[in-house]
Amino acid sequence: MKRALILFFLPLILAQVVFSQEKIVDYAHLKCQYQHTYLKDTLDVGTYNDLFILQIGKNISKWYSYYTFQMDSLRRTPDGKQVWQEMFNKSLEVLKNSGDRTKWMNSFPHNGSRTFVYKNNPSGKMTVTDGIGNDHLIYQDTLNAQHWQIADSMKTILGYECQKAECDFRGRHWTAWFSPDIPVSDGPWKLGGLPGLILEAYDVGKQYHFWMVGLEAVTREPIVFSEFSLSKGKFREIDRRELLKLEMNQLTNMGAIMEAETGVPSGNNKPVYRDLIERDYK
């Protein structure tokens, strides 16, 4: 069922000045917005949330967290660092008084995922940038590495008829719902390669879940290669599996890291039962 591609897309605050300071790699004709949840702990029902943007151009697409983009844009304003610090200091009072870490995280602008995915950049591959602490990392990955099995099941998402597909990818079994009516072979995160745009994807148990909440046709919106946080130096090249091992170490020691950064005792020395979205680092 074909229709106009403009749906209820949430407004974004775009810092246009950023585009003049970054390398433009393509121009988007379609912008997608995905909600993302992932389990805090496989023994608990609590989840983390993020909001992602997928810009799709003629040759290249870009996947990034809106919250991270918003945070970096704030920091690049003349008084952004001061404004953020004042809001952060006030939020610490919220944490000290309530002990509610979720309420604390929602009380000031904060980073989401630091992962940026550029598909078909360079041609036939994808470039991924990420960050751990003050380290800014980059690697190339295989484009459309999933081997999908398309099923007959159908369901409607945002008014589009979507077909089911499944695959095993780097330690997780994924289910995706794609729409042939949107003839773009792309989707959330590193997922793609189907004969239509992926509107929803999740692994077994929905430990990681992406679903589209907005879709908008745009006209020549710049797709930039982002270096928002690189005040010094350049990205350091790294092997993908090495980066995953570093991320797992950070996840395992998250309580101690947050305590060191905020000065607030985490009070959480429980073992970590959450795994990464890619499990093939083991």
Approximate spin-label separation R236-A145, in nm, with each point projected 7 Å along Cα-to-Cβ
2.2 nm
Order by protection proxy (mean Cβ within 10 Å, highest first), peptides 125-131, 186-192:
186-192, 125-131
Residues C162, C167, sorted so that the one with the fewest Cβ neighbours within 10 Å comes first:
C167, C162
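No lab work stands behind these numbers, since they all come straight from the coordinates. These numbers were taken from a predicted model, which means no experiment stands behind them. Because the Cβ atoms are built from the backbone with ideal geometry, glycine has one as well, and the counts that use them run over all protein chains shown.
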